[in-house]
Amino acid sequence: MAAKLKKGDKVIVLAGKDKGKTGTISSVDPKSGKAVVEGINISIRATRQSQESQGGRIPKAMPLDLSNLAIVDANGKPTRVGFKIDGDKKVRFAKTTGDVIDA
């Protein structure tokens with residue numbers, strides 16, 4: 001199945017402790033259906049000091065389920081993603097405005 005959300009997309013969180021916050025997707029794992037969004041779902045990870053890194057409490061963005069994310073359209077509102085054939089290419093478009101997401 002084609003990916004509705006991809007790396008680099010600007011998304012809004014629909015559910016959870018960070019509901020309403022926006023961010024950019026930094027990585028997507030299609031097998032588990034999760035994505036990591038920069039600055040969202042931050043967890044503190046304690047790491048041991050080593051020669052190359054300082055130890056301590058390091059904030060890390062944890063994965064969110066794709067069902068809890070929606071892409072942001074041109075108006076700044078959350079929208080669902082659809083697919084259509086534009087010429088000879090299959091492109092994603094925003095359901096609210098009808099605008100093509102990736103040209």
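Here are a few things to note about the model shown:
- Taking the chain and dividing mean pair separation by its residue count, relative contact order in percent (alpha carbons under 8 Å, at least six apart): 21
- Cα-based Kirkwood hydrodynamic radius, the range 14-62, one decimal, Å: 12.6
- Across the chain, the longest run free of exposed loop sites, meaning trypsin sites (Lys or Arg not before Pro) lying outside DSSP classes H, G, I, E and B with no more than 14 other Cβ atoms within 10 Å, spans 49-79.
- Computed over Cα pairs, the Kirkwood radius of the chain leads via Stokes-Einstein (0.692 mPa s, 37 °C) to a diffusion coefficient of 217 µm² per second.
Every number here is computed from the coordinates shown, using simple stated rules; none is lab data. Worth saying up front: this structure is predicted, and the values here are computed from it rather than measured. Positions of Cβ are generated from backbone atoms using ideal geometry, with glycine treated the same way; all protein chains shown enter the neighbour counts.
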